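Here is the structure we will look at, set down as structure tokens.
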Amino acid sequence: MNVLSYLLEHPTQVLALARAHLWISLLATGIATAVSVPLGIVVHRVRAVRAPALGMVNVGQAIPSLALLGLTLPLLGIGFTPALVAISVRALLPILLNTYAGLLSIPQHIIEAARGMGMTDAQILWRVELRLASPVIVAGIRTALVVSIGVATLAAYIGAGGLGDLIFQGIAMVDTPLLLAGAIPAAGLAFAVDGLFGILERQLVRPLG
């Protein structure tokens, strides 16, 4: 049996695993975004927290993905929750760095002009800084989501489901078509979300040109 035959004979199973895979990836990236964007703003504005915050996130990024999944097991057991935590940790760094870089790249004269117009710091942040930094921030979220989809394949190792189930079954059974039946849709998901976020980035940049 080749990979195409498997996909055609088991479409319901593959689609269910793909939905679960995409869901945990999106949720983890959403959690990472909710943490990293505010933290990136703090890192940009408060020099004292810059090194500790970046160092902490870098440590999380440096731990191998499979080891990171394993470290969650003693605290959270197996299944969806530990996988979600591990994937979220892995997604933090690109969003944090891009938020910081995007805010740092805004020319100071633009900030001064906004302040001269009577805007408060909060108004400058929401109406000027985040607006101008949004393409860079979205690029970080785009990278984080692609990374999350990749790490989510390993999450099957701790019982989180997703397309990694097929990959691990294929490895265990030395069944290449079964392995590819999980790997190819996972790669397709990564390409699809990367393309969609690429379109979003271009839409955000266009009004600034």
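The values are calculated or read from the model by the stated rules, or taken from the named source; none is laboratory data. Because the structure is predicted, anything quoted here is derived from the model rather than measured. Every residue, glycine as well, gets a Cβ built from its backbone with ideal geometry; the counts of neighbours run over all protein chains shown.
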If we ask which residues in the range 177-209 are of a type outside the set (A, V, I, L, M) and either in contact (Cβ under 8 Å) with a residue 60 or more places away in the chain or under 17 Å from Ser148 (Cβ atoms) (or both), their number turns out to be 10
Of the residues in the range 155-185 that are surrounded by fewer than 23 Cβ atoms within 10 Å (Cβ to Cβ) and in contact with a Ser or Thr (Cβ under 7 Å, 6 or more places away or on another chain), the one that is farthest from Ala67 (Cα to Cα) is Gly170
How many residues are at pLDDT below 90 and either acidic (Asp, Glu) or in a helix (DSSP H, G or I) (or both) if we restrict to the range 156-168? 3
Suppose we filter Ala190, Ala186, Ala181 for residues that are part of a helix (DSSP H, G or I), within 24 Å of Glu9 (Cα to Cα) and over 20 Å from the mean Cα position of the chain (by Cα); which single one remains? Ala181
For the range 136-154, name all the residues that are of a type outside the set (A, V, I, L, M) and crowded, with 22+ Cβ neighbours inside 10 Å. Gly140, Arg142, Ser148, Thr153
Scan Ala156, Ala133, Ala122 and give me the residue that is under 28 Å from Leu97 (Cβ atoms) and touching a Gly at 6+ places or on another chain (Cβ under 6 Å). Ala133
For a quick check of your reading of the model, give me the residue pairs whose first member lies in the range 94-114 and is farther than 15 Å from Pro135 by Cβ and in contact (Cβ under 8 Å) with a residue 40 or more places away in the chain, whose second is surrounded by 12 or more Cβ atoms within 10 Å (Cβ to Cβ) and of a type in the set (A, V, I, L, M, F, W, C), with beta-carbon atoms closer than 9 Å and at least 6 apart or on different chains. Leu96/Ala32; Leu96/Val35; Leu96/Val37; Leu96/Leu39; Leu96/Val43; Leu96/Ala53; Leu96/Leu54; Leu96/Val57
Tell me whether the range 117-126 contains one or more residues that are touching a residue at least 12 places away in the same chain (Cβ under 8 Å) and among the polar types (S, T, N, Q). no
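What tally of residues in the range 1-56 results from selecting those that are assigned to a helix (DSSP H, G or I) and either hydrophobic (A, V, I, L, M, F, W, C) or crowded, with 18+ Cβ neighbours inside 10 Å (or both)?
39
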Within the range 54-86, residues being at pLDDT 85 or above and over 30 Å from Leu17 (Cβ atoms) number 0
